[in-house]
Structures are given as structure tokens and as C-alpha cells.
Amino acid sequence: MEQASYQQTRAKLEEYFDRTAADQWAKLTSEAPVSGIRATVRAGRDRMRQTLLSWLPHDLHGKRVLDAGCGTGAMACELAKRGAEVVAIDLSPTLVDLARERSSADPHAHRIQFVAGDMLADSLGEFDHVVAMDSVIHYERFDMVAGLARLAQRTHGSVVFTFAPSNALLAAMIRIGRIFPRSDRAPFIAPVSEVALRDAIADHAHLAPWRVGRTEKISSGFYTSQAMELHP
């Protein structure tokens, strides 16, 4: 990963999620009424979360799982419910605090360690599975694959993640999205074609032992994202 490029994008994302749109993101991930645009995004994210969860073992007792880009904690709570010891990390301290608060009444919350910081930090240790839902979609292809490689080096089982599939429809939606009020805009995403992503994964030395497994695209109004599974 080009450190400067990664750090620049990470700084922009921290500004967006921790300051510019923290309140809007909190509302989007709650049950509060939202605009029609954001309602489609909420529905798409719910479907994507269930898709990624369906690719993981139902029984995760004794497993350590990284929720990379945990946001407000919905995925982390589902993983903990399955018995996983979860490290839920996000670069936004505001969202991590909200995730911790929302999970406080969950009977499985004792299995979750919430952390504000870099999802690629080696200090987080090793994992049985990694989930990165809509958290690497903001990085250019080579930064994204380099990040996945760093995660894979410390993962014994699968890495499941999402990317923004490059196509004419998504490009048009991104252009159209710029005309909407700032509160309804998503942060910058970096679309990539599945073919180009597969090639980049195959060409990365640290991902040589890994293979692409299942993929599934979720489209819901202004939400389009594609899930992909990597396994040794």
C-alpha cells in the first residue's frame, strides 16, 4: 500500500465520518425516519450485512473476528451474538462511542472490544475471520488490495469485504448524487471492476495463497455494493 495515498484518504474519511456527517450517519443506522434517498441506502446496507453474515459460520464460539470499519456497531453485535470475540474498530471516535452506547444493553456486548483507530494496525493481533463492510470502498484499487493483503496476513480463515463495482449505472449515480444536499451525499468511493480487482488480488504476492470465493452485488436505489469472499 502507498502509505501517503492511504493516509490521505483515511484523513478525509475521518473528517467525514467523525465531523461532517456523524449525526446523519447515526440517524441512517437507526430506526429514525430518513429521506427517500437514505432509506434506499439503509435497506441496501441491511441486505449487505445479512449477506456477509451468511458467509460466516453460524457458530463462532472460540473465534476472534475483526469488524473492520464497525460504524455504529450493528455487525459487531450480530457477530457477538454468534459467540465471536469481536474487535470492532472504526477511524471515527464519535461513531465508536455511539456503537459502544448502542450495544450497552445487548447481552452479548461483553464479547465486543470497541476501538477507535486504523483497521490495518498490526497491534490488533490475529483473527479467524475479518469482515470489512463498505470500509475499503473508499480506497483506490491498489491501496484496497494492499490493505486486504495486510489483513489476510493475520487471518486464519476468511476475509469478507465489499467493493464498489465499476459500471455505467454506478458512475451515473455518483454524478447524480453530487446534485443532492450535502447531508444526503455519501463520502467519495472508488469504483473498481470485478475483473480488475480479481487480477490485482491474483498479482499481489501476499495474497498468492488466497482465492476469491463467493461474490454478490446488492443494489437498492442509491446503494450499490458488491460483496466478495477471500479464503486461503
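The values are calculated or read from the model by the stated rules, or taken from the named source; none is laboratory data. Everything numeric here is computed off the predicted structure, so don't read it as measured data. Using ideal geometry, Cβ is built from the backbone for each residue, glycine included, and neighbour counts are taken over all protein chains shown.
Things worth noting here:
- Positions within segment 53-78 being part of a helix (DSSP H, G or I) and within 24 Å of Q24 (Cα to Cα), in sequence order: A74, M75, A76, C77, E78
- Taken over segment 210-227, the criterion of being outside any strand (DSSP E or B) and either modelled with pLDDT under 95 or closer than 30 Å to W25 by Cα (or both) is satisfied by G221, F222.
- Top-ranked residue of segment 131-156 - restricted to ones that are surrounded by fewer than 18 Cβ atoms within 10 Å (Cβ to Cβ) and part of a loop (DSSP other than H, G, I, E, B), ranked as nearest to the chain's Cα centre (by Cα): E140
- Subset of segment 51-73 (residues that are surrounded by fewer than 18 Cβ atoms within 10 Å (Cβ to Cβ) and either under 28 Å from R19 (Cα atoms) or of a type in the set (G, A, S) (or both)): S54, G62
- If the condition is being touching a strand residue (DSSP E or B) at 6+ places or on another chain (Cβ under 6 Å) and in a helix (DSSP H, G or I), then segment 79-98 contributes L79, A80, P93, V96.
- Only one of the listed residues (A76, A132) is among the small types (G, A, S), touching a residue at least 40 places away in the same chain (Cβ under 8 Å), touching a strand residue (DSSP E or B) at 6+ places or on another chain (Cβ under 8 Å) and within 21 Å of D46 (Cβ to Cβ). That residue is A132.
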